[in-house]
Every structure is written in structure tokens, then in C-alpha cells.
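The values are calculated or read from the model by the stated rules, or taken from the named source; none is laboratory data. Note that this is a predicted model, so its numbers are computed, not measured. A quick note on method: Cβ atoms are made from the backbone with ideal geometry, for glycine too, and the neighbour counts reach across all protein chains shown.
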Amino acid sequence: MIKYQIALLFIISFGLHANPVLDESAEDILKITRLSRIPSVITSLEERAIQKMETNELISAREDLKKAIQLKHAIGMKESEGNASLLLQISKLESRLGNRCEANQYSHLAKRIALRIGVNLGAVALDRAVVPDRKPEGCVEVSWLKE
């Protein structure tokens, strides 16, 4: 009886933690989720990405961060400290994956947002008037994200 109760508790707690909506595309999440719930979905994606990074599932973590960024843009939070923070996270992740061009692009976007809204994200120097728009030679613009 105790084993059954423990198993049931485990299944229930796992079911509460698992969220199948997170596996959908950003576009589908927007279609099936109420607008008021999108910020909590973004938070869940961020948390899941952090867990995946800790277990070295970097590609999957990158997809979760991309979805979170796309959702932030869709609900009008493109110019927010949270979006800049997500961009810095994905920049670090791309750097770990060896994608320096993408990492630099995300980092520059995050810095531009931080400068525009006047926040300090740690690595962002607010006394710099302009963040360069040029990309290193050979780098292709990140196609899924437009400023």
C-alpha cells in the first residue's frame, strides 16, 4: 500500500511539473495559451532551459530560450530587461556551443536594449553611447530574430 501511495504521489508531482505546452512552437503556444498566462510560460521555459544546461542538453536548452524570446517579443516585451537577460543567456549558451557569431549578435542586441532602457545587466557598460552594429566578417545574421 505504501509503495502504491509513493508511486501515485510521484506520478502526480511529475504531472504537475511537466507542462506539454512547453514542447509546442512559440506560434502554437500563442494560439493555445491565454495571453495572461504567457509570462508564466516564459518563466517555465527559462527554468527548463537552465535545467537542461545543467544536464548539458545545450541544443534543447537553446530551443527553449528561443521560444521564450519569441514569446516576449509577441507580447510586447521586446524592449525589456527580461528580454535583454534572455538574450545574454542565449549568448552564453551559443558561446558554449562554439557559435561565436550568434553569441556576439545576441550579446549586442542585449546591450542595445539595456542601453535604451537604462539598465545595467552586469556586463553592459551604460556609459557607452553606441554599441557597434557591425558583425564580424563571415557572420550571418540570426535569421529567426529581428531587432
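Take residue 43 and tell me if it is closer than 20 Å to residue 89 by Cα and either under 12 Å from the mean Cα position of the chain (by Cα) or at pLDDT below 95 (or both). Criteria met by residue 43. Scanning region 74-87 for residues that are out of contact with any helix residue (DSSP H, G or I) (no Cβ under 7 Å at 6 or more places or on another chain) and either at pLDDT 95 or above or over 20 Å from residue 104 (Cα atoms) (or both) yields a count of 1.
Conditions (1) exposed (fewer than 15 other Cβ atoms within 10 Å of the Cβ); (2) hydrophobic (A, V, I, L, M, F, W, C); (3) in contact with a strand residue (DSSP E or B) (Cβ under 6 Å, 6 or more places away or on another chain), marked per residue:
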| site | (1), (2), (3) |
| --- | --- |
| 45 | no, yes, no |
| 59 | yes, yes, no |
| 72 | no, no, no |
| 88 | no, yes, no |
| 91 | no, no, no |
| 108 | no, no, no |
| 111 | no, no, no |
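Only one of the numbered conditions (1) within 10 Å of the chain's Cα centre (by Cα); (2) free of Cβ contacts under 8 Å to residues at least 24 places away in the same chain is not met by residue 55, and that is (1).
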